[in-house]
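Working notes for the structure below.
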Amino acid sequence: MYRTPTAFLSTLILAVFTTLVVAGCVAIPSRNDPAAYTQSIVRDAIRRYQREGRQAAIEYHSSAENVDGQWYVFIIGADGYTIAHFNPEIVGRDPALRVDSTGYFFGDDMLSATEEGKWIRYGAQNPETGEEGRKHTWMVRHDGLLFGSGWYEEQ
């Protein structure tokens with residue numbers, strides 16, 4: 001089948017390389033699927049936390065660099081207070097203040113998220129438009145912290 005050992009070795013190396021490349025590739029969801037895209041952003045935030053540590057993750061997710069259109073990650077500490085958010089007015093926010101404009105208290109829903117994750121829906125200001133809209137937030141508990149991100153329904 002193979003004329004020389006070199007041909008066999010070349011084919012084997014190509015096969016192994018192709019397998020490693022394909023196995024290492026993870027499809028990044030499109031913004032056209034906002035739920036999947038949001039979940040991938042939260043997974044990436046948890047990976048950053050694991051790779052770079054707590055303080056680096058807090059600093060990154062407290063910066064404008066964290067904002068990607070309507071998407072951004074925020075982190076809530078074990079005590080329920082927000083420890084990372086691109087808007088500094090939200091950092092340190094009392095969990096009792098997590099109430100939307102309709103009076104819905106969504107704080108308990110956020111704090112009850114598990115390691116498997118949980119969706120929470122509430123009204124919030126869209127950083128892209130500056131207008132209030134219906135936000136769908138994916139929250140995941142990891143290492144005692146809550147990582148969240150979400151998207152806004154189109155009006």
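The values are calculated or read from the model by the stated rules, or taken from the named source; none is laboratory data. Nothing here was measured: the structure is a model prediction, and the numbers come from that model. Heads up, the Cβs are rebuilt from the backbone with ideal geometry, glycines too, and the neighbour counts pull from every protein chain shown.
Only one of the listed residues (Thr114, Thr82) is among the hydroxyl-bearing types (Ser, Thr, Tyr), at pLDDT 95 or above and surrounded by 15 or more Cβ atoms within 10 Å (Cβ to Cβ). That residue is Thr82.
When Pro5, Pro29 are checked against the criterion of being in contact with a Ser or Thr (Cβ under 6 Å, 6 or more places away or on another chain) and modelled with pLDDT under 95, Pro29 stands alone in meeting it. Right, Ile75: crowded, with 18+ Cβ neighbours inside 10 Å and out of contact with any helix residue (DSSP H, G or I) (no Cβ under 6 Å at 6 or more places or on another chain) or not? Against the criterion (crowded, with 18+ Cβ neighbours inside 10 Å and out of contact with any helix residue (DSSP H, G or I) (no Cβ under 6 Å at 6 or more places or on another chain)), Ile75 does not qualify.
Take the conditions modelled with pLDDT of 90 or more, under 24 Å from Pro34 (Cα atoms), in a loop (DSSP other than H, G, I, E, B) and touching a strand residue (DSSP E or B) at 6+ places or on another chain (Cβ under 8 Å) and apply them to Ile90. Does it pass? Spelling it out, Ile90 is indeed modelled with pLDDT of 90 or more, under 24 Å from Pro34 (Cα atoms), in a loop (DSSP other than H, G, I, E, B) and touching a strand residue (DSSP E or B) at 6+ places or on another chain (Cβ under 8 Å). Scanning segment 82-122 for residues that are over 14 Å from Thr137 (Cβ atoms) and of a type in the set (Ser, Thr, Tyr) yields Ser101, Thr102, Thr114. Of Gly103, Gly107, Gly148, Gly117, all but one fail to be within 22 Å of Ala84 (Cβ to Cβ) and over 12 Å from the mean Cα position of the chain (by Cα); the exception is Gly107.
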